[in-house]
1. Of all residues in the stretch 175-215, how many are in a helix (DSSP H, G or I) and polar (S, T, N, Q)?
2. When the residues of the stretch 270-293 are narrowed to those that are surrounded by fewer than 16 Cβ atoms within 10 Å (Cβ to Cβ) and in contact with a Cys (Cβ under 9 Å, 6 or more places away or on another chain), which ends up nearest to PRO249 (Cα to Cα)?
3. I'm told GLU232 meets every condition in (1) touching a Leu at 6+ places or on another chain (Cβ under 7 Å); (2) surrounded by fewer than 19 Cβ atoms within 10 Å (Cβ to Cβ); (3) of a type in the set (D, E, K, R) except one. Can you identify the failing condition by its number?
4. Do we find a residue being closer than 15 Å to SER22 by Cβ, buried (at least 21 other Cβ atoms within 10 Å of the Cβ) and in the same structural domain as ARG43 (by TED's automatic domain parsing) anywhere in the stretch 72-90?
5. Just to be sure before I move on: is ALA196 outside the structural domain of LEU112 (by TED's automatic domain parsing), under 25 Å from the mean Cα position of the chain (by Cα) and within 22 Å of GLY312 (Cβ to Cβ) in the structure I sent?
6. What number of residues within the stretch 200-230 satisfy the criterion of being over 30 Å from LEU116 (Cβ atoms) and either of a type in the set (Val, Ile, Thr) or out of contact with any helix residue (DSSP H, G or I) (no Cβ under 6 Å at 6 or more places or on another chain) (or both)?
7. State whether the residues of the stretch 116-131 include one that is closer than 28 Å to ARG203 by Cβ and not polar (S, T, N, Q).
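The values are calculated or read from the model by the stated rules, or taken from the named source; none is laboratory data. Everything quoted here is computed from the prediction, not taken from an experiment. Cβ coordinates were reconstructed from backbone atoms using ideal geometry, including for glycine residues, and neighbour counts include every protein chain displayed.
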Amino acid sequence: MAPSTPATAEAAPRPLPKVGVSRCLLGDEVRFDGGHKQSRFIRDTLATYVTFVRVCPELEVGMGVPRETVRLVQVDPDRPPRVRGTRSDTDWTDRMEAWADTRLASLQGMGLRGFLLKRSSPSCGLFRMKVYLENGMPHHAGQGLFARRLCEAFPNLPMEEEGRLGDARLRENFLTRVFVYDDWLTLREQGASAKALVDFHARHKLLVLAHDQARYRQLGPLVADAGKPGLEARLDAYEALLMAALAKPAKRRGNLNAMEHLCGFLKDLPSADKAELRAQMTAYREGIVPLAVPMTLLRHHLRHRDHGWALGQRYLAPTPPELGLNAVL
């Protein structure tokens, strides 16, 4: 007789989200001087929750270690800056563009959920990169070559510079986007249906509301039409709006709006508990306590009453709690 099959099979563990990262941030000695720019948060904390895909444009294009430093030079105002050696004036632009074509094609198939880039790098710098005019005068107006190409290839991908992770609000927001994007892309990879879109939106409604009310209102009609023809185009539009809505950290007003919605499920709360919750929300509004204080009370009361829809809101737990976020917003 064949062995009996268990009534329920244990589900395979879900893979960790893949996040691209500049190799020097993990401690790899790939910088121009043979050193690194290791981030302890990235290497020691975040590494537990994601799988890193390591990239170093300058090393991979063949510059070697150690190497001459390079910088961005604006030659033609109608074209992106060029990458040139600071001493030899060697122009690496064409080689780096060709390398980027190949590297980005390989990254397309990896299912990235985010990317962490090295600040102030002529290849990886994401914000306000120093670009030099041909007369040698600098101005802050650009992106590193690889960062620019990455943005073009992955317009919805959460990206951040490591230097900005020191700001708790920006760190929280980047990681929220990574884990939400992971949920979204997993849904699409499994073959999203109209029902799956409706369910996803229901779980993320208050998170989107806290971040961007205007885009929240735009997402509603897309979901309402989920059962109509053209689902793939609708999914594409939903993804772009969703990630644009989460692009900036939620402000106090948005968080208070979302919490007010959750308070609607606590109408039977005893008056003393209700007064305590309201007092902490007011203290948060006035900047006296962090967001974690009223949120902890909300979670407690919602769990005690087992409000399924409210407890299922991603807003209540946008990132793994072990990361210790949401404490200072």
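1. Total satisfying the criteria: 3.
2. Among those residues, the one meeting the criterion is ARG278.
3. Result: GLU232 fails condition (1) only.
4. No: zero hits.
5. Yes; evaluated as a whole, the condition is true for this residue.
6. Counting residues in the stretch 200-230 that are over 30 Å from LEU116 (Cβ atoms) and either of a type in the set (Val, Ile, Thr) or out of contact with any helix residue (DSSP H, G or I) (no Cβ under 6 Å at 6 or more places or on another chain) (or both) gives 10.
7. Within the stretch 116-131, one or more residues are closer than 28 Å to ARG203 by Cβ and not polar (S, T, N, Q).
Residues checked against (1) among the hydrophobic types (A, V, I, L, M, F, W, C); (2) under 30 Å from the mean Cα position of the chain (by Cα):
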site	(1), (2)
LEU26	yes, yes
ALA47	yes, yes
VAL55	yes, yes
VAL61	yes, yes
ARG79	no, yes
GLY85	no, no
